[in-house]
Amino acid sequence: MQFMKEFGRYVTFLGLLFVRRETLKTYYKLTVDECILIGIQSATLVAVVAAFMGAVTTVQTAYNMVSPLIPKYIISQVVREMTILELAPTIIAIIYAGKVGSSMAGGLGSMRITEQIDALEVMGINSASYLALPKILASILMYPLLVILAGFCSLLGGYVVGGLAGIITPADYTYGLRFFFDSYSITFALIKAFVFAFLISSISSFKGYFTTGGALEVGIATTSAVTTSIIAVLLSDYFLAQLLYLR
C-alpha cells in the first residue's frame, strides 16, 4: 500500500514538470548549468572506473580460459560484449546514482527544509518544473555520453593491460573486438542509458523535492534516493533485456 502511494506521488510529480513552465531560454540556461555539473564533473570518475573494469575483465577472462583450443581473440570479444551490454550502461548507472543522484536529492532536500522551494511557489513559479526538469533533461543528455566514454575507456583499459601483461597481443585484441560484432548492442546500450538517466534523475529529484523535517531527513531522503534508483535501474535492466534484446 505504501509503495502504491509513493508511486502515485511520483507520477503526480512527473505531471507537475510540464505545467506552468518557464520560458525556453530559462530552461536552456538551467539545463546547460546542470549538464556541466552532471556530465563534465563526472567524466573523470567514469573514465577511471571504466578503465579498471575493462582491465580486470580482461585479466579474469584470460585466467578462466583454460583450454588451449580457445583462440586468444575470444578474450577481447568477451570484454566487448560485457562492456557494451552491462558494464558501461548498468555498472556506471549505479555509480551515477551514488554521485549525481545523491547530489540531486540532497540539493533539493536542503532547499525544501530551508523553505527556498516555498519561496519560489510564493513568487508564482512552478518549483517542481523550475528545479527538477533541467536536472532530468541534463541527465538524459549527458548520461548516454558518459556511457560512450565508459565503453571506450573500458575497451582501452583492456587493450593496455592485455598488451602490457602479455595476455593478448594488440592484433588479437583488435580482431576480437571486430569478430562477429552486432551493432544492435550499441543501440541497446544507448536505450538503456536513456532509461537509466531518466529513472535516476527523476527518482532522486522526487525524493529530494518531498523531503520533510530537518538535516537528518535530508540524509535519509538522499539514501532513499540512491537505493530506490539502483533498484529501479536493475529492474528496468532486466525488463529491457527481455523486451529488446532477446530476439
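The values are calculated or read from the model by the stated rules, or taken from the named source; none is laboratory data. The structure displayed is predicted, hence computed values, not measured ones. Don't worry about glycine lacking a Cβ; one is built from the backbone with ideal geometry, like all the others, and counts go over all protein chains shown. For the accessible areas, the whole protein counts, side chains as well, though only heavy atoms, and no ligand, DNA or RNA atoms are used. Shrake-Rupley method; radii C 1.70, N 1.55, O 1.52, S 1.80 Å.
Things worth noting here:
- Considering residues of segment 54-72 that are open to solvent by less than 30 Å² (accessible area, probe 1.4 Å) and touching a Gly at 6+ places or on another chain (Cβ under 8 Å) only, the residue modelled with the lowest pLDDT: Ala62
- Positions within segment 158-186 being surrounded by 15 or more Cβ atoms within 10 Å (Cβ to Cβ) and acidic (Asp, Glu), in sequence order: Asp172
- For Thr227: the one exception among (1) of a type in the set (S, T, N, Q); (2) in contact with a helix residue (DSSP H, G or I) (Cβ under 6 Å, 6 or more places away or on another chain); (3) in a helix (DSSP H, G or I): (2)
- Candidates Thr44, Thr83 - the one that is out of contact with any strand residue (DSSP E or B) (no Cβ under 6 Å at 6 or more places or on another chain), within 30 Å of Thr227 (Cβ to Cβ), in a helix (DSSP H, G or I) and open to solvent by 50 Å² or more (accessible area, probe 1.4 Å): Thr44
- Out of Ala88, Ala119, Ala105, one residue alone is assigned to a helix (DSSP H, G or I), without any contact (Cβ under 8 Å) to a residue 12 or more places away in the chain and not acidic (Asp, Glu). It is Ala119.
- Scope segment 215-247; condition out of contact with any Ser or Thr (no Cβ under 9 Å at 6 or more places or on another chain), open to solvent by 30 Å² or more (accessible area, probe 1.4 Å) and of a type in the set (Ser, Thr, Tyr); matching residues: Ser224, Thr227, Tyr238
- Any chance Thr212 is crowded, with 21+ Cβ neighbours inside 10 Å and touching a residue at least 40 places away in the same chain (Cβ under 8 Å): no
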